[in-house]
Each structure stands twice: as C-alpha cells, then as structure tokens.
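Here the structure is laid out as structure tokens; the discussion comes afterwards.
The values are calculated or read from the model by the stated rules, or taken from the named source; none is laboratory data. Here the structure is a predicted model, which means the values were calculated and not measured. Every residue, glycine as well, gets a Cβ built from its backbone with ideal geometry; the counts of neighbours run over all protein chains shown.
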Amino acid sequence: MDELDDMGEHADAAPATPAATLVVFRHDSAGGPAQILMVERSGSLAFAGGATVFPGGKVDPADLELAAAFMARTGLSLDPADAAGRITAVRETLEETGLAVGLVGAIDAGRAAAARRLLLDTGRLADVLEAFAWELDFEALVPFARWWPRHRNMRVFDTRFYLADLGTGAVEVTADTTENRHLFWASAAEALRLADEKAIKIIFPTRRNLERLAQFSHFAAARDHALATPIVTVTPRIELRDGERWLLIPPDAGYPVDGEPLAQADRA
C-alpha cells in the first residue's frame, strides 16, 4: 500500500491505544530558559526504541478505575479519558523518573523514592496514594496537545500531552532502566540542537512539540499559551509539495512548524 494512502483520517485505521505524556519544567539555576525533562528510551523497545521523549506511557485499566473513583469522590466534572490521561501522566512520571508531580501531601525525596518502589512493585497509583496519604492535584497538569495518528498499518497511540512545573532546579532524577537508559534536563531549544547534531534521536511528534515549547522561556508563558489555545487533535498526513512528500499536521493546532519532508521525518 502506498504511504500516501496509509496516513491521515481513515475509518479503518488501526485501533488506538490511549496514552499520556508529561512535559515537566524546572527553573534553570544558571538563569537561562526553563529546562524540560527528557527521557532516552531503551533501544530494545519496539516503539520509538532509542528515541528521546517526554515521560509517559499507555493508560492502564487501573488508571481508568482511579479516575472514575476520584471524580465520583470529589464531584469533579471532567472527560473520563482526560482524567485517566492525567493519572497516567502522573504515574508514568513517578515510575520512569522518580518525580512526584501532580500530587499533594507530605512529599520529600525519601518519600518519593519509597513511593516509586511501591509503584514499581504494584503498578497502581492508587496503592501509592493510600500508602502515603497523598492526593491527586489535577490542576497542576495543564492540557497541551493531543496526537492521534490514524495509520492503517502501524501501531497507533492516542496520546494526551500535559505540562507541569517542578519549580526548583535542584532535583535529582534516575532512570527506570527497564524501559529507559538516560534522563537529562535541557531547554526545548537545546534539545532540538542536540537532535540536529545527531546527539539524540527525536521522533516527529517530539520535534513538533519541542519547536512549540521553544517559543517560551518559562513555564508560565507556556501554560498561558496552552490555556489560550484550543486543543486540536493532531493526525499527521502525507501530502505532495512541489513533487516531494511532506509529513504535515493541521495548521491550526498551535504549532509554529506544520511539517517536514517525509524523507527526514523520524516516525518511530
């Protein structure tokens, strides 16, 4: 099948796996632009192996259960898929990096480390909340984007992106080596430079989101932009431009760059 026919809006596209990812900001202690936590995935993984991404992963059934219970208890009115996505973003960030983001309670480095160990044992954020008397803080997560490629012949994730602010620059993180091999902090512009220099590998959605984030020097500006920009579900498509195949995204989704030649786009 021709790639032009495989990309875009298709009723018979592969079923999407719900997923979520969290863009974690921190202040640069040297006074530069805000830094973002980046995760280098293990090269052995089938999806985006060896790529540098934001912390995240697929929505688990336990995330859906916790989202429903939290909204029933608090009376919060939220799209259930959005609520589950926020829980996934919090859970995956704690699991992959050791950071307790989107949570409130008595949290310090030692308790966060213990919570991470418990989470790795059980896989359930609800167990962590109960054991440490923590509560979810949905307001700490700002909806930023939603990407839903609709290929016929590729694994498809329906991924919600959120922003969160860690604040301080003096935070240690360690990789969960089952899926990731390296963590580092960098401004969005610096991460793009590293990718251009081939020091890291970034896939098409990560590049577009880094370009969008690079417009802002601090979290508050990125947050204000996200809150003011309606979320348009991004479904990349392939079109011909002057006889060359381009991988494109909707022009009204809030991104400064809407695509690149397919030959240079890394999709997995």
Cβ pairs under 8 Å, 6+ apart, first in region 119-147 and touching a residue at least 60 places away in the same chain (Cβ under 8 Å), second surrounded by fewer than 19 Cβ atoms within 10 Å (Cβ to Cβ) and of a type in the set (S, T, N, Q): Arg146/Thr233; Trp147/Thr233
Scan of region 205-238 for residues that are charged (D, E, K, R), under 30 Å from Ala263 (Cα atoms) and at pLDDT 95 or above, ordered by number: Arg207, Arg208, Glu211, Arg212
Matching residues in region 1-45 - criterion: being hydroxyl-bearing (Ser, Thr, Tyr) and either at pLDDT 95 or above or in a strand (DSSP E or B) (or both): Thr17, Thr21
Residues of region 57-97 satisfying the condition of being among the β-branched types (Val, Ile, Thr) and in contact with an Asp or Glu (Cβ under 7 Å, 6 or more places away or on another chain): Ile87, Thr88
Single residue of region 97-112 satisfying the filter (part of a loop (DSSP other than H, G, I, E, B) and β-branched (Val, Ile, Thr)) that is surrounded by the most Cβ atoms within 10 Å (Cβ to Cβ): Val101
Residues (farther than 30 Å from Ile202 by Cα and either at pLDDT below 95 or surrounded by 15 or more Cβ atoms within 10 Å (Cβ to Cβ) (or both)) located in region 48-71: Leu66, Ala67, Phe70, Met71
Hits in region 72-96 - residues which are surrounded by fewer than 24 Cβ atoms within 10 Å (Cβ to Cβ) and in contact (Cβ under 8 Å) with a residue 60 or more places away in the chain: Leu76, Leu78, Ala81, Asp82, Glu95
Filtered residues of region 57-91 (kept if more than 14 Å from Arg160 (Cα to Cα), part of a helix (DSSP H, G or I) and small (Gly, Ala, Ser)): Ala62, Ala67, Ala68, Ala69, Ala72
Filter result for the condition that a residue is of a type outside the set (Asp, Glu), in contact with a strand residue (DSSP E or B) (Cβ under 7 Å, 6 or more places away or on another chain) and either surrounded by fewer than 16 Cβ atoms within 10 Å (Cβ to Cβ) or under 20 Å from Val23 (Cα atoms) (or both), over Pro236, Pro256, Pro261: Pro261
Hits in region 128-150 - residues which are surrounded by 21 or more Cβ atoms within 10 Å (Cβ to Cβ) and in a helix (DSSP H, G or I): Val128
Whichever residue in region 197-229 is free of Cβ contacts under 8 Å to residues at least 12 places away in the same chain and not in a helix (DSSP H, G or I) and, among such residues, is surrounded by the most Cβ atoms within 10 Å (Cβ to Cβ): Ala199
Residues that are of a type in the set (Asp, Glu) and touching a strand residue (DSSP E or B) at 6+ places or on another chain (Cβ under 7 Å), drawn from region 118-141: Glu135, Asp137
Members of region 230-268 found to be on the phi > 0 side of the Ramachandran plot and assigned to a strand (DSSP E or B), listed by number: Gly259
Flag if Arg124 is over 30 Å from Gly32 (Cα atoms), surrounded by fewer than 21 Cβ atoms within 10 Å (Cβ to Cβ) and at pLDDT below 95: no
